[in-house]
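The values are calculated or read from the model by the stated rules, or taken from the named source; none is laboratory data. This structure is a prediction, so every number in the text was calculated from the model and none was measured. Methodologically, a virtual Cβ is constructed for each residue, glycine included, from the backbone with ideal geometry; neighbour enumeration extends over all protein chains shown. Note: accessible area is taken over every heavy atom of the protein model, side chains too, but ligands, DNA and RNA are not part of it. Shrake-Rupley method; radii C 1.70, N 1.55, O 1.52, S 1.80 Å.
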Amino acid sequence: MTPHLSVQAFTQTPDVHTVFERALRDRRLARVTSEAHPGGMRAALARFEQAQSPDVLVLEADRAALADLPALASVCDPRTKVIIVGHVNDVVLYRELINLGVSEYLVAPVDGAELATAIERIASEGEMRSKSRVYAFMGANGGVGSSTIAQNVAWAMANKVGAGIMLADLDLTFGCADLNFNVETGTQFFDALKAETKVDDALLERLLVKRGQNLHVLTHPALLDREPEHLVHQLVEMLKLARSNFNHIVLDLPNHWSALVQDAILDADEVIVTVTPDLCSLRNGKALLERLGRLRPNDAPPKLVLNQCRMPKRAEIKVKEFSQALNIQPVATIAFDAGRFSTAASTGQMLSEINPKGAAVTSCAQIADRLVDPTSQRSKGTTWARFWNFRQRKLA
């Protein structure tokens with residue numbers, strides 16, 4: 001099956017709309033999150049001016065609409081793959097579109113199996129499968145809120161980029177993702193991951209719990225009477241497997257060092273350290289950042305989140321002094337808000353479900369933006385940018 005990804009279609013005719021819906025019922029696309037919209041090119045332009053473009057875009061367009069491809073390129077993520085369903089059977093037109101960066105051109109009438117095969121082929125290409133990114137969240141000490149930040153950032157990612165988001169709760173002893181997301185594990189986690197268990201796609205799918213439309217959570221009950229060390233190999237293999245199925249993977253790590261934590265840190269594309277403005281967090285944060293620097297000497301420095309700031313009646317280290325001591329500027333400074341955070345935790349909801357306009361919600365969304373889009377996603381120089389010359393080129 002294809003990895004978890006998002007596919008959207010913008011059609012002009014009822015026939016192609018029906019074909020798209022039939023294609024999404026194909027067993028090979030069982031993991032795909034899809035949307036179908038009428039309106040063709042104009043509807044696509046209007047939507048992507050305001051929203052993130054999907055992993056794969058299916059666009060029905062006649063010859064006149066193809067002239068608007070440069071405008072579409074300017075509002076789409078350059079990593080979006082495009083399938084055009086057209087009504088002209090012309091090999092010159094086909095070659096022109098392929099040279100301009102379109103992944104596939106299908107001539108109507110098409111059937112569901114043909115369109116499903118095109119989506120599967122594109123999703124299986126190395127570029128699509130290799131773009132997965134892993135973000136490891138770790139607290140400098142217990143109680144700093146690293147798990148809460150990781151979970152809310154994963155939720156923000158799911159709302160921002162759509163499909164292909166996974167959160168893995170790797171605190172095998174005291175993990176709380178099941179409570180905070182108000183979900184139940186679909187199977188007995190520790191029973192399924194025995195020492196001799198074969199790690200494959202089927203096992204991963206069994207252990208994942210879907211929260212909302214786009215987020216998949218790897219969670220488990222808190223069991224204190226079992227020794228999880230024998231699960232390290234299986235979990236490491238599972239995380240490697242997840243890279244081929246999900247675009248973005250958030251790891252919620254415990255704040256104690258272990259073989260599993262070190263493996264996760266070494267495999268992550270980004271490390272996010274959460275601290276609070278107190279002396280213990282400053283000391284532990286400094287030690288943790290130094291160790292991460294030794295483990296990841298050629299990577300970008302970890303990102304720092306300063307949480308629970310301005311707590312009433314608590315003596316705090318000022319943000320400026322804290323940053324200077326660690327020689328790193330926080331990517332987010334989140335104020336203490338006992339009411340909203342405790343309400344979210346007690347009801348099994350994310351912060352944005354409690355108050356979409358809260359300051360902490362904005363901070364988590366900004367962290368998600370920084371991680372998902374470290375550079376401009378609409379940069380020129382990609383294959384999409386070549387569409388800018390489209391108007392000057394005559395299609396035979």
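Before moving on, here are some points about what is shown:
- Residue-normalised accessible area of region 232-306, expressed per residue, 1.4 Å probe, Å²: 40 Å²
- Within the chain, longest stretch clear of exposed GluC sites (Glu not before Pro) (DSSP loop, no more than 12 other Cβ within 10 Å): 197-396
- Alpha-carbon centroids, region 103-126 and region 159-178: separation in whole Å: 31 Å
- When the surface is traced with a 1.4 Å probe over the full set of protein chains, Lys198 keeps roughly 150 Å² accessible.
- Legend: distances between Cα atoms for Lys81/Lys210; Lys240/Lys303; Lys198/Lys303; Lys320/Lys357; Lys313/Lys357; pairs beyond 31 Å are Lys198/Lys303.
- Selected from Ser258, Ser147, Ser124 as most flexible by GNM, with the chain as the system and alpha-carbon contacts under 10 Å: Ser258
- Gyration tensor (alpha-carbon) shape descriptor, region 219-302, a/c threshold 1.5: oblate
- Here region 1-159 is treated with +1 on each Lys and Arg Cβ and -1 on each Asp and Glu Cβ, and its dipole about the Cα centre works out to around 560 debye.
- Considering only the chain, percent of DSSP beta bridges that pair antiparallel, nearest 5: 10 percent
- For region 140-281, averaging the sequence separation of C-alpha pairs within contact (under 8 Å, six or more residues apart) and dividing by the residue count gives a relative contact order of 37 percent.
- Cβ-placed point charges (K, R +1; D, E -1), dipole of the chain about Cα centre in debye, nearest 20: 1200 debye
- Heavy atoms of His87: accessible area, 1.4 Å probe, square angstrom to 10: 100 Å²
- Each residue, Ala325 and Ala287, gets one label point 7 Å from its Cα in the Cβ direction; the gap between the two is 1.4 nm.
- Note on Ile354: accessible area approximately 60 square angstrom, rounded to 10, probe 1.4 Å, nucleic acids and ligands left out.
- Degrees separating the helix 232-243 axis from the principal Cα axis of the chain, which is the longest one: 30 degrees
- Relative contact order (%) - criterion: Cα under 8 Å, at least six apart; region: region 1-150: 25 percent
- Accessible area per residue in Å² at 1.4 Å probe, computed on region 80-180: 33 Å²
- Pairwise centroid distance, computed over Cα atoms, of region 291-334 with region 21-62, Å: 41 Å
- Accessible area, probe 1.4 Å, largest first, for residues Tyr94, Tyr105: Tyr94, Tyr105
- Å³ per residue enclosed by the Cα convex hull of the chain: 149 Å³
- Taking the longest Cα principal axis of the chain as reference, the axis of helix 338-347 is set at about 70 degrees.
- The amide H of Val58, built 1.01 Å from its N in the peptide plane, has Gln8, Ala9, Phe10, Ile83 as neighbours under 5 Å, considering only residues 5 or more places off or on other chains.
- Whole-Hz Karplus values for region 351-364 come out as 4, 5, 7, 7, 8, x, 9, x, 5, 5, 4, 4, 4, 5 Hz, taken residue by residue from phi with 6.51 cos²θ - 1.76 cosθ + 1.60 and θ = phi - 60°; glycine and proline positions read x.
- Percent RCO, i.e. relative contact order, over the chain, from Cα pairs under 8 Å lying at least 6 residues apart: 20 percent
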